[in-house]
Amino acid sequence: MHAADYPAALEACRTALAFYRALDCRLGQANALSVRGRVRQRLGEYPPAIEDVERSLALYHEVGNVVGQARALSELGLLRALTGDDPGAVRAFTRCRLLCRDLGNPLEEVPALVSLAALRRRAGDYPESLRVSSRAAELAGALGNKIGEAGALAERGVVRDLTGDVKGSAADFEEAITLYRALGQRHGEAVVRVHRGAARQRRGDHPGALAELGPAIAAFRAAGEQGDEAWALNHLAAALEAAGHTRESLRAYRRALALHRALGRPAEEATALEGIGAIRAARGALVVGSLCLCAAARRYHALGLRPAADRVASRLAALGAGEPAGAGGPFDPPGMAGSSAGPTQGGHVVASGPH
């Protein structure tokens, strides 16, 4: 969907919802709310998206539509993950899987498996993430579910790269991109390019990383998908920093931070704060750097993201820094104080679930 299509889609959902309410058709209302929630999620409007999806879930339950409940739970799980509620996301995706099994509907089970794999990866449980993503890829392939297979391969590619299987990761990414291209799924292809760019950056291929990330961010921006754009900006900033472009990296991190705050994404906000803190500390601004790193650590701890929290703790220990006095509240790095950048401000990243 192109950026210009979103306002029309929201208007169509509003019209459909009013129509079904006039008819007192709860199933129609549930369907309209579900679609509107998905559109709002792509736009980065997470609180109203969650409200729409929760209302659709309740309506599906009232009318006994189990397929609708499973779909709504999958949508809710994604939104919980995007807003940093990983335990809530796991609960939603697990309920979705159980409903799909009761229905004998493995097709709907695939995206839930992919998202659960991403959540296990984010928690640092790479073996379980690899197992679940492999299961999702096998299941999707057996069902002929090409888009589900692409998503599963992309997720497996990430965890394979993180565990040192560079060859397997590259093969998974390439196959995922091939599938998405065949389906005309530009968004999916852009997501994989971000993952592949991040993998190349981790291996020290900074030009290769930037070559992947630039077009992906342009695609997200053109589609008006600011949540994905902000996510990708964090990766771009890390690649720029690794390539020695610290000024450009700081700009990208600051843009990402403003967007993540406006979108209510604390995990990604913490990533941006960590990046800003590391750069400022490396450039001699130890107090500002430590403040940023401590703010990131608190967010990671609050979200239960132990590997990330431990990583920041190691950074702080290397600096000889503890928790600076006065670091307990929201912290704005220099140049960000009083920022009010919202979804339509601050310049221009899921599923695609947890990315």
*Taking N as the number of residues in segment 189-295, what is its Cα Rg relative to 2.2 N^0.38 Å?*
1.02
_Farthest positive-ward along the chain dipole, Cα basis, beta-carbon charges - from Gly168, Ala243, Ala219_ = Ala243
*Which of Thr94, Ala252, Gln29 sits closest to the plus end of the dipole of the chain, meaning its Cα is farthest towards the positive end, when Lys and Arg get +1 and Asp and Glu get -1 on the C-beta?*
Ala252
_Dimensions in Å of the chain - Rg and Dmax from alpha carbons_ = 20.3, 66
*Once you charge only the Cβ atoms, +1 for Lys and Arg and -1 for Asp and Glu, what is the size of the charge dipole of the chain about its Cα centre, to the nearest 20 debye?*
420
*Any idea which of Ala16, Val114, Val66 is furthest toward the positive side of the dipole for segment 1-150, if Lys and Arg beta-carbons carry +1 and Asp and Glu beta-carbons -1?*
Val114
*Quickly work out the His301-to-Leu319 label distance, labels modelled 7 Å from Cα along the C-beta direction, and quote it in nm with one decimal.*
1.5
*Mind pulling up the Rg/Rh value for segment 1-104? Radius of gyration and Kirkwood radius, both on Cα.*
0.99
_What's the ranking of 290-303, 196-209 by average number of surrounding C-beta atoms within 10 Å, highest first?_
290-303, 196-209
*Which FRET efficiency, nearest 0.05, do Arg131 and Arg181 yield, Cβ-Cβ r, R0 30 Å?*
0.60
*Calculate, for Val66 and Ala171, the FRET efficiency according to 1/(1 + (r/R0)^6) with r their C-beta to C-beta distance and R0 30 Å; round to the nearest 0.05.*
0.20
*Assuming R0 = 22 Å, what is the FRET efficiency of Arg91 and Arg311, from their Cβ-Cβ distance, to the nearest 0.05?*
0.25
*With an 8 Å cut-off on Cα pairs and a minimum separation of 6 or more residues, tell me the relative contact order of segment 57-174 in percent.*
17
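Just so you know, all these numbers are worked out from the coordinates, no wet-lab data involved. Quick caveat, the model's predicted, so the values are computed rather than measured. No Cβ is skipped: glycine too gets one built from the backbone with ideal geometry, and neighbour counts run over all protein chains shown.
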